[in-house]
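K.L.:
Supplied in structure tokens, the structure appears directly below.
The values are calculated or read from the model by the stated rules, or taken from the named source; none is laboratory data. Note that the structure is a prediction, hence the values are computed from the model and not measured. Virtual Cβ from ideal backbone geometry, glycine too; neighbours counted across all protein chains shown.
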Ligand code: HEM
């Protein structure tokens, strides 16, 4: 074989072949390198994912789209405090912190005190409030519930310092008394055929009080209009979040617009009269608090009015529920009721003999009454859990909460855990004599905690104490059978009918 021509030509061939080999070798090497790199990266990512998955609390996400919502809702209608039945089952399967998917979101549910504490204390930087869409729409953009950072801190401090001030409590005490006495007047007509429904009645106490606190409207046409629109407004809290004429959400938002108009007008009038009022005067209501604050930047009147209306929601649904459930527990606990009567009758006799007006401190310093209130709030769990959304991956006590997931710090299961409370399902106000102050107890958070601690907690306890005092020193009553329903909100199934009332001649 003469390789020459080939060589000549073939040299080129060989040369080409050499180059091919080089190309192939480089190609293969590159592919190998890239593949190895990809494999390494993927492997590493998988490893990370696996590690993350390992740390995401155990649990089931249920069915596609609906997740475990059906079980969550159905357990709400059982007589045991739910979502306790839902929670207990998962707790026993997966532990104190578990994952689920309810109401359209992946949620990590914590029933552990220490984890809850971290969630509540890290509002803003790691967690933000996460409410269902209809609630977000109803509360609106300016709501305190959507605020974050400095604006939230300032707004929260502003409201809490006003609602907790002794000056405010002194002023509001007589308004609450008036409202309670007015409501109780009609109770004497209760019969088995025409019962008094506590759940409806107590709303007549709390709404006028709240409107007075917020904007000093007391009675008259304005209060009636606000009440009517408020009822329409709150119906939209739990509804399909679709907004066009005729839908529930649309009607609720229209009602809110009308309420905002009334508040805006009140604010404008107040501003006109401000020149005659010196800045050193005490603030009389939340309208004053908002108008006199040194905002930077200053919100518009529209924003402030909207914010004031949004404050009615957490304030108005919760206190009447607590009042109703207190009566329910007391009606079924004769010993606790008689001790409550004894303590309150003593105060009443003392006040009558000295012809003295009641001060807010009189009500707040009745120890057994305060224990009844603490116990009611522990068992009622009016706000059963606090919802937040993780802004970034966060690990708490070895549990990973991935970015974008919701987390629910469950208050109900902590309040009804036998590790935290002996005989947790027993209404036992005396337990607080042993436990001590409810406010300093880690396992007790009916008003939440951290930066979003309920600003209305002292006002609520004051309203409850005044209501209980005047009820138990005015009447003996008989309540018909009823039970608590926990979903979608906590309330009495039959609105707690009172079928007979006997006035006390003290
Ligand atoms: C028994 C009655 C009440 C209960 C059980 C209750 C419970 C709560 C809870 C658990 C939170 C925390 C929510 C969270 O962290 O996301 C909260 C927040 C709030 N509550 Fe109450 N509340 C009651 C009465 C009131 C009253 C009477 C007012 C108003 C006068 C009020 C105004 C608010 C406001 C404005 C917030 C939002 C605070 C913030 O996000 O910074 N609440 N409440």
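K.L.:
Applying the selection to region 445-462, what residues are under 13 Å from the mean Cα position of the chain (by Cα) and within 6 Å of the ligand (Cβ to nearest atom)?
P.N.:
446, 447, 448, 452, 454, 455, 456
K.L.:
Now for a different question. If you check 357, 351, 392, 298, which single one turns out to be closer than 30 Å to residue 99 by Cβ, away from the ligand (no atom under 16 Å from the Cβ) and out of contact with any strand residue (DSSP E or B) (no Cβ under 7 Å at 6 or more places or on another chain)?
P.N.:
Details: 357 fails: closer than 30 Å to residue 99 by Cβ; 351 fails: closer than 30 Å to residue 99 by Cβ; 298 fails: closer than 30 Å to residue 99 by Cβ.
Sole residue among the options that is closer than 30 Å to residue 99 by Cβ, away from the ligand (no atom under 16 Å from the Cβ) and out of contact with any strand residue (DSSP E or B) (no Cβ under 7 Å at 6 or more places or on another chain): 392.
K.L.:
When you scan region 124-133, do you find a residue that is under 27 Å from residue 204 (Cα atoms) and surrounded by fewer than 16 Cβ atoms within 10 Å (Cβ to Cβ), even just one? Break it down stepwise before answering.
P.N.:
Taking region 124-133 as the starting set, the residues that turn out to be under 27 Å from residue 204 (Cα atoms) are none.
There is no residue in region 124-133 that is under 27 Å from residue 204 (Cα atoms) and surrounded by fewer than 16 Cβ atoms within 10 Å (Cβ to Cβ).
K.L.:
Of all the strands (runs of 3 or more DSSP E) wholly in region 339-424, which have at least 3 residues that are surrounded by 18 or more Cβ atoms within 10 Å (Cβ to Cβ)?
P.N.:
Details: elements: 385-390, 394-396, 399-401, 406-410.
Ranges flagged: 385-390, 399-401, 406-410.
K.L.:
If residue 413 satisfies every condition in (1) closer than 22 Å to residue 85 by Cβ; (2) more than 16 Å from the ligand (Cβ to nearest atom) but one, which is the exception?
P.N.:
(2)
K.L.:
Would you say residue 443 is within 25 Å of residue 154 (Cβ to Cβ), assigned to a loop (DSSP other than H, G, I, E, B) and either modelled with pLDDT under 95 or out of contact with any strand residue (DSSP E or B) (no Cβ under 9 Å at 6 or more places or on another chain) (or both)?
P.N.:
no
K.L.:
Report the residue count in region 196-222 for those that are modelled with pLDDT of 90 or more and away from the ligand (no atom under 16 Å from the Cβ).
P.N.:
Total meeting the criteria: 4.
K.L.:
Which residues, taken from region 195-241, are surrounded by fewer than 14 Cβ atoms within 10 Å (Cβ to Cβ) and either touching a strand residue (DSSP E or B) at 6+ places or on another chain (Cβ under 9 Å) or outside the structural domain of residue 262 (by TED's automatic domain parsing) (or both)?
P.N.:
The answer is none; no residue qualifies.
K.L.:
Pairs under 9 Å by beta carbon, first residue in contact (Cβ under 8 Å) with a residue 40 or more places away in the chain in region 218-246, partner assigned to a loop (DSSP other than H, G, I, E, B) and surrounded by fewer than 14 Cβ atoms within 10 Å (Cβ to Cβ), six or more apart or different chains?
P.N.:
237/488; 238/488
K.L.:
Could I ask something else about it? Would you mind finding the one in 160, 176 that is surrounded by 15 or more Cβ atoms within 10 Å (Cβ to Cβ), in the same structural domain as residue 478 (by TED's automatic domain parsing) and over 23 Å from the mean Cα position of the chain (by Cα)?
P.N.:
Numbers: 160 fails: over 23 Å from the mean Cα position of the chain (by Cα).
Step by step, each of 160, 176 is checked, and only 176 is surrounded by 15 or more Cβ atoms within 10 Å (Cβ to Cβ), in the same structural domain as residue 478 (by TED's automatic domain parsing) and over 23 Å from the mean Cα position of the chain (by Cα).
K.L.:
Here is a follow-up. Among the numbered criteria (1) modelled with pLDDT of 95 or more; (2) under 19 Å from residue 325 (Cα atoms), which single criterion is violated by residue 383?
P.N.:
(1) is the only condition that residue 383 fails.
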